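Step one of this worksheet: look at the structure below.
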Amino acid sequence: MKTSRLLTALAVLPLFAAPLLANAADGEALFKSKPCVACHMVDSKLVGPALKDVAAKYADQEGAVELLAGHIKNGSSGVWGPVPMPPNAVTEEEAKALAEWVLSL
C-alpha cells in the first residue's frame, strides 16, 4: 500500500513542479545551474549559438518546445554547424522548462 502512495505522489509531482520552472526567472536560474553556460550565452555566440538566435530560428515552428527539449536532453549534431551539442543531464521537465525559456527570449 505504501508503494502505491509513493508512486501516486511521484506521478503527480511534475504537475506541480512544471509551472514553477516555466517562468522566466526560474528558466534563467535553471540555465545558469546547468552546463549549458559553458557553451551558450543569451545574446552572443560562444561555442554554440546565442540563445536569442535559437529563439528566433524556432519562433513560429510548431512543436519547437519538444524539439528543443529533445536537443537539450539528448544532444544534437549538425543543427548549428559542425560542433555537436552533447546530451545534458536534465530531467524531461527541466529540458522542457529550458526550451520554453529559450523560446521566450
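What follows is calculated from the coordinates using simple rules that are stated; it is not laboratory data. Please read these numbers as outputs of a predicted model, since none were measured by experiment. A quick note on method: Cβ atoms are made from the backbone with ideal geometry, for glycine too, and the neighbour counts reach across all protein chains shown.
Which length gain, in nm to one decimal place, applies between Glu62 and Glu28 when the Cα-Cα distance is subtracted from 0.36 nm times their residue separation?
9.9 nm
Report the net charge of residues surrounding Asn88, where surrounding means a beta-carbon distance below 14 angstrom and charges are Lys +1, Arg +1, Asp -1, Glu -1.
Surrounding charge for Asn88 is +1.
Just grab the label-to-label distance for Ala38 and Ser76, each label 7 Å out from Cα along the Cβ direction, in nm (one decimal).
Using points 7 Å along Cα→Cβ, the separation is 1.9 nm.
If I stretch the segment between Leu46 and Val83 completely, what's the gain in nm (0.36 nm per residue apart, minus their alpha carbon distance), one decimal?
Taking 0.36 nm per residue and subtracting the Cα distance, the gain is 12.2 nm.
Starting from the amide H of Ser76, placed 1.01 Å from N in the peptide plane, find each other amide H under 5 Å away whose residue is 5 or more places distant or on another chain.
Distant-sequence amide H within range of Ser76: Met85.
With a ≥ b ≥ c the root eigenvalues of the C-alpha gyration tensor of the stretch 17-105, is it rounded (a/c under 1.5), prolate (a/b larger than b/c) or oblate?
rounded
Given 4 °C and 1.567 mPa s, compute D for the stretch 48-94 with the Stokes-Einstein relation, Rh being the Kirkwood radius over Cα pairs; round to the nearest whole µm²/s.
For the chosen part, D equals 115 µm²/s.
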